[in-house]
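Since every read-out is calculated from the coordinates, none of them should be taken as a lab result. Because the structure is predicted, anything quoted here is derived from the model rather than measured. Cβ atoms come from the backbone with ideal geometry, glycine included; neighbour counts cover every protein chain shown.
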Amino acid sequence: MEKVFSHIAEDGTVTMVNMNEKTPSHRIAIAESIVYFNEKTFHMLEENALPKGDVLTTAKIAGIMAAKQSSTLIPMCHPLALTYIDIRFTKLSSSYSLVLESEVHTYGVTGVEIEALVAVQIASITVYDMCKAVQKDIQIGDCKLLYKSGGKSGEYRYSR
């Protein structure tokens, strides 16, 4: 079977997918990223004692703002009316790491996976920016889509 590329027009040029015939549905996506610190920085994060201020609140706001800007950053990403965005944090003292999780919802004709991934990555980069005065070798990693629902393809869960 020949593969049909959804972002290539008949003449070979790039095009945005036409969503006019798709059925709207409630769509959810959850993405995750992990930021790794040294012991000193992690403890400063736990104590909210970093010199730039409240790291987690700043990162949450940045992630929410980023989700809303996804279509201006990713060329073929459709602008969406997002109905819910959240960024959650889990501190793991055993590995001096911070797990960031974004959750994005919409009611529409296309999914919000890109918005969730952009949100969690920008929130992670914001954590780096807020902590870099104390530690330069902070690592951001393990970014992945954990869950999506809605639309014709249905539900997806990341399996480890």
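Measuring from centroid to centroid over Cα atoms, what is the spacing of the range 26-53 and the range 98-160 in Å? Each part reduced to its Cα centre gives a spacing of 13 Å. The GNM of the chain, with springs linking C-alpha atoms under 10 angstrom apart, assigns the highest mean-square fluctuation among GLY108, GLY53, GLY63 to GLY53. Among ALA116, ALA59, ALA133, the largest mean-square fluctuation in a Gaussian network model of the chain (Cα springs under 10 Å) belongs to ALA133. A simple spin-label model places pseudo-atoms 7 Å from Cα toward Cβ; at THR58 and LYS132 they are separated by 1.1 nm. Among the lysines of the chain, pairs at least eight places apart or on separate chains and with Cα atoms under 22 Å apart come to 25.
If R0 is 25 Å, what FRET efficiency do you get for GLU155 and ARG88 from their C-beta distance, rounded to 0.05?
On the way: r = 20 Å, r/R0 = 0.81.
Efficiency, from the Cβ-Cβ distance: 0.80.
Mean sequence separation of contacting Cα pairs (under 8 Å, at least six apart), scaled by the length of the range 26-150, corresponds to a relative contact order of 47 percent. Sparsely packed loop sites in the range 1-89 (the GluC sites (Glu not before Pro) outside DSSP H, G, I, E and B with at most 10 other Cβ atoms within 10 Å) comprise GLU2, GLU10, GLU21, GLU47.
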